[in-house]
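Each remark here refers to the structure printed beneath this line.
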Amino acid sequence: MDTLSTPGIMTGAAARELVVKSLAQSARAIGASLGPLGRGLMYGGGSGGPRHASGGLAIARQIAQENGAWSVAPRILRDALWEAQRDLGDGTARTACIAVAAHAVAAARVAQGVSPVLLGNAIRRISEKLPGMLDAQRCPAPGALAIARAACGDEEVAEAVARISASLSETGAVDVSEDWRPGVRFEQFEGYCLDVKPDAIGAGRAEQGVRLEMDTVHVLVVNEVLDDFGPLARILEQFVSRSKSLVVVARGIEGAARATLVANRAGLRMHVLGLVPADAGLHAMKVLEDLCAVTGATLVSEETGVSIAGVRPTMLGRAVHLIVDGARAIFVDPAGPEQDIAARRALILAEADAQRYVSLDRERLLRRAARLGCGWGEVRVGGHTAWETGQRVDGARAALAAVRAAAQQGVVAGGGQALDALADALPHALRNEFPDMALPVRRAALDAVMSGCRAVAAQIARNAGVEAISLSIPSDVVDPLSTTLSIVRRAFSVAATLLTIEVLIC
């Protein structure tokens, strides 16, 4: 019986109706962000004043309440969008539109007597046929600029992303960050980049904050806090006599060790410098190990059994050139054996795959792997307001993700066109499929999947103020095939899962 059987518990038709209504509210807010004429969401930011959310996940986070029956379905949707953002870097609004549209149709059929469990299973079975049908819709890629433009709708950001992606296409090789100045700037580095604390130890007051360069650099890497160079004095003397360059990279350089570097650089004009990684704790040790692999240095550390007293010149790494610019140290043409670097990169990438459910750790690992390739770039994006800056940063990240995904598996027509064509083809393509499936269930599942496929183009048309049939999408607007496939799989899985909700705690 569909009743409020117990105070605080909602079941049956009442629960399903509340799920549909709460999802519809989420879909209206999230769907409004789709397309070139999409809009964002304003919400209260406490003492910081109103704030702006423009992406599917960002809006879902604000829409979803944290408790109560109304919050259950929006929170399930929000978590699914978080996974999509983590894995794809884009597509959260499309995922939400497809999932909610498919669920709404399916829920209506459940209200007419179709089993929710059978219908959910049927939706999943039909969705398994979609990848092959989408793959058949591949179209010629229009170029990185058009792909980036379609993903972010910002010409300046798209141009920067297209240029840097052409030379640094590897995943994780490009960072996107906020800039306090309006505009888009990008830098590209050839060499291994290490984030360091801006205080270059040994550099005089006039040299602090100034770009420093050293040639034919020897690298000493120490996973300790150095407070005295005592046992290293003989090595320092060799650098004095032979006019060689030495950079000491350690977890910390203090006391007498710091004073020695300052005195030797300023008084004796030695080419020495001390650097401290910006990372701390275990992360600092990991990047020091990366530096050893890329330069061929031996790590001085208790873990490796190598002490300061046991350091020999053969334990130093090498690089043709060193550039220290603010919080970055770039080792150009480092001399580490290629097989060691490749092994280190493979180890980090395997760890990144194992951490795929922890977004921050995964991004950190991919960045480290990319930097071991000695090619890395940064896109710095700024706007005239904090809202505009956040929107442009999100757009740059989406554009990068789209360009990379398109390079891997190709593209399909964008703006929901490929999904619309999929909906048109489904009835004929599946006419002889699933003979074991009851006809009412099959029809309901097909209607739900077709409705979901049409939802993206319909929402873009709605945002543009036109009918879907009148929507005109330029031919160079495309979506990466791999991203579209993943969106479809996730969206219909979410829709099928939501159908199983029969009880809500009020």
Inset, instruction - For the chain, find the longest principal axis of its Cα atoms and tell me its angle to the long axis of helix 439-464, 0 to 90°, nearest 10. - result: 60 degrees
Legend entry - Rounded to 10°, Cα long-axis angle of helix 155-167 versus longest principal axis of the chain: 60 degrees
Legend entry - Which of Val247, Ile505, Leu261, positive extreme of dipole for the chain (C-beta unit charges): Ile505
Inset, instruction - For the range 267-321 and the range 120-173, write down the distance between their C-alpha centroids in whole Å. - result: 41 Å
Inset, instruction - Starting from the Cα of Gln112, step 7 Å along the direction of its Cβ; do the same at Thr385; then give the gap between the two resulting points in nm. - result: 4.6 nm
Inset, instruction - DSSP loop (so not H, G, I, E, B), at most 14 other Cβ within 10 Å: list which GluC sites (Glu not before Pro) in the range 424-506 pass both filters. - result: Glu433, Glu467
Legend entry - Unit charges on C-beta of K, R, D, E only; dipole of the range 323-401, Debye: 120 debye
Inset, instruction - Taking the Cα centre of the chain as origin, work out the dipole magnitude from +1 charges on Lys and Arg Cβ and -1 charges on Asp and Glu Cβ, in debye rounded to 20. - result: 620 debye
Inset, instruction - With a Förster radius of 56 Å, plug the Cβ-Cβ distance of Gln409 and Thr216 into 1/(1 + (r/R0)^6) and report the FRET value to the nearest 0.05. - result: 0.80
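What Kirkwood radius, in Å to one decimal, follows from the Cα pairs of the range 25-110?
Details: mean 1/r = 0.0745 Å⁻¹.
Its Kirkwood hydrodynamic radius stands at 13.4 Å.
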Legend entry - Dipole magnitude of the range 38-113, debye to nearest 20 (Cβ charges: Lys/Arg +1, Asp/Glu -1, about Cα centre): 180 debye
Legend entry - Convex hull volume per residue in cubic angstrom - Cα atoms of the range 326-379: 87 Å³
Inset, instruction - With everything on Cα atoms, drop me the angle between helix 72-88 and the longest principal axis of the chain, reported from 0 to 90° to the nearest 10. - result: 50 degrees
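Hey, could you grab the Kirkwood Rh for the range 93-143? Inverse mean 1/r over distinct alpha carbon pairs, Å, one decimal.
13.0 Å
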Legend entry - Sites Ser470 and Ala263 - FRET efficiency at Förster radius 56 Å, r taken between beta-carbons, to 0.05: 0.15
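For Arg489 and Gln25, FRET efficiency with R0 = 25 Å and r from the beta-carbon atoms, rounded to 0.05?
0.50
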Inset, instruction - Averaging sequence separations of C-alpha pairs under 8 Å and six or more residues apart, then dividing by the length of the chain, give the relative contact order as a whole percent. - result: 28 percent
Legend entry - For the range 84-178, with +1 on Lys and Arg beta carbons and -1 on Asp and Glu, the positive-most of Pro140, Val174, Leu118 along the dipole: Leu118
Inset, instruction - Taking the dipole about the Cα centre of the chain, with the C-beta of Lys and Arg at +1 and of Asp and Glu at -1, give me whichever of Gly68, Leu291, Ala350 is farthest to the positive side. - result: Gly68
Inset, instruction - Could you tell me the distance between the Cα centroids of the range 13-91 and the range 456-506, to the nearest Å? - result: 14 Å
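Multiply the residue separation of Asn67 and Ala335 by 0.36 nm, subtract the distance between their alpha-carbon atoms, and state the gained length in nm to one decimal. Don't skip to the end; give the middle numbers.
Values: separation 268, 0.36 × 268 = 96.48 nm, distance 5.64 nm.
90.8 nm is the gain from fully extending Asn67 to Ala335.
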Inset, instruction - Have a look at the DSSP beta bridges in the chain and tell me what percent are antiparallel, nearest 5. - result: 65 percent
Inset, instruction - Compute the longest continuous run of the chain that contains no exposed trypsin sites (Lys or Arg not before Pro); treat a site as exposed when its DSSP state is not H, G, I, E or B and it has at most 10 other Cβ atoms within 10 Å. - result: 1-204
Legend entry - Label-point separation, Ala166 to Leu439 (7 Å along Cα→Cβ), nm: 5.9 nm
Legend entry - Computed Kirkwood radius, in angstrom, where 1/r is averaged over Cα pairs of the chain: 25.8 Å
Legend entry - Sites matching GluC sites (Glu not before Pro) across the range 107-171 that sit in DSSP coil, with at most 16 neighbouring C-beta atoms within 10 Å: Glu128, Glu170
Legend entry - Within straight-line cross-link reach of Lys244, lysines at Cα separation under 28 Å, skipping those fewer than 8 residues along the same chain: Lys197, Lys286
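FYI, it's all coordinate maths here, none of it is from the lab. Computed from a predicted structure; not experimentally measured. Methodologically, a virtual Cβ is constructed for each residue, glycine included, from the backbone with ideal geometry; neighbour enumeration extends over all protein chains shown.
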